[in-house]
Structures are given as C-alpha cells and as structure tokens.
1. Could you provide, to the nearest whole Å², the per residue accessible area of the chain with probe 1.4 Å?
2. I need the phi-derived Karplus couplings for region 150-166: 6.51 cos²θ - 1.76 cosθ + 1.60, θ = phi - 60°, integer Hz, Gly and Pro marked x.
3. Name the long-range amide H neighbours of D51: under 5 Å, sequence gap of 5 or more, or other chain; modelled H, no Pro or chain starts.
4. Counting only protein heavy atoms, what percent of the accessible surface of the chain is carbon or sulfur at a 1.4 Å probe?
5. Using a 1.4 angstrom probe on the protein heavy atoms only, line up S120, S44 by accessible area, largest first.
6. Ranking request for peptides 111-118, 151-158: highest mean number of other beta-carbon atoms within 10 Å first, then the rest in descending order.
7. State whether the chain is rounded, prolate or oblate according to the following rule on the C-alpha gyration tensor (a ≥ b ≥ c being the square roots of its eigenvalues): a/c under 1.5 gives rounded; otherwise a/b larger than b/c gives prolate, and the remaining case gives oblate.
8. Would you give the gap between the C-alpha center of region 27-42 and the C-alpha center of region 80-117, rounded to a whole Å?
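The values are calculated or read from the model by the stated rules, or taken from the named source; none is laboratory data. Source: prediction; values computed, not measured. Note: ideal-geometry Cβ built from the backbone for every residue, glycine included; neighbour counts use all protein chains shown. SASA here: full protein model, heavy atoms, side chains in, ligands and nucleic acids out. Shrake-Rupley method; radii C 1.70, N 1.55, O 1.52, S 1.80 Å.
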Amino acid sequence: VLSQMLSPASAGGDKSAAAEAMVSDMLNDVYKTNKSRGPAHLPSALTPYFDFDWWTGFLIKTRKDQFTPEQNRRVRELMPGYIAHLYHKRFSDGLDREPSVQGSRSVKRSVLVESRFYPSSGKLDVAWRVRDRSRQVKVYDIMVGGISFVLMTRDEFVAIIDRSGPDGLIDYLENVSL
C-alpha cells in the first residue's frame, strides 16, 4: 500500500521535471530568437512547444459548426503567429532579460510551471499549463495573475465570430499575427 502511495509522487516528480525542462528550453529559445532575429521569428521559436491543433480546436469549439474545413485549416495555420503576437504583446517588456523557471506543481492532468519575467517595472510571474500527450510535453495554457490566456482568448474569438463570422476571425488573426 505504501509503494502505491509513493509511486504517483515519483511519477509526478518526473512529469514536473520534464515540464520544467520544456518550459525552460522554450523560454530560452524564445528569448534568444527575439534578441537575435526579432519578433517576426517568434512563431517558429514557439511552434515546437505548443499543441496548436488543440489550441485551435479549443478556441473555436463552441462555434466550430460555423467553420468550413478550409476556414478551420486557415485558423490553425495562423495560430502560431497569433500566440507569438500574444507572447510579444504581453511579455515584450520582459524580454530584455532572460526569463527563468521558478518551480512547478501538479494540477489534475497537468503540470503548472511557474516562471518569472523581468520587465523594467520589476517582475512578472507567468504560469504555463503543460501536459504530456502522446509522449510530447506541450503548453496548453498561459496564466498571468491567475487569468487564463486560453479562456480569455476563447471569449474574444467567440465575440469576433458572433459579430463577423469565421471570416471575421480569420481577418483579425491575419492582421495581428506575427
């Protein structure tokens, strides 16, 4: 019984270590890319670390019946540039100094990896919800001040779709994506 109680903790430790390593690699890659090549190259730096199929599906899930397969494909195509836009918009002030991983904790099926950015105003704590799916550790959400980017973005996308339809969302993504 004791070994059964200890097993999940050690497995959780392995998951946490893998999640922390992935987020650390991502933060390092994005920081170096932004410094050496500029924000236009952030989408390619972020792509290995995000499950953009999941992000696309989640963000349009409540309105997916309004999308043609071509529109769905186009939204998926634009997702790396959109996430790069969010990253740059929210964290660009903190990209002068390399962000750092501060630790992690298991939350349901995910690991929440805490990181810190260093904007000119002090520090900004950012949490990355990370999951291991099909042996790939990927980012499934970003949280600042307890606010979920994926939930906030879904609400924004729904409002755009309700106002302007799928093509309105595509136009928006084309205009803001890096």
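1. Values: 9400 Å² over 178 residues.
Accessible area per residue, the chain: 53 Å².
2. Those phi angles translate into 5, 6, 5, 5, 4, 4, 5, 5, 4, 5, 5, 5, 5, 7, 10, x, x Hz.
3. V139
4. Values: 4660 of 9400 Å².
Here it works out to 50 percent.
5. The ranking, largest first, comes out as S120, S44.
6. Numbers: 111-118: 20.2, 151-158: 15.8.
Final packing ranking: 111-118, 151-158.
7. Numbers: a/c = 2.09, a/b = 1.32, b/c = 1.59.
Oblate is the answer for the chain, as a/c is 1.5 or above yet b/c matches or exceeds a/b.
8. That distance is 14 Å.
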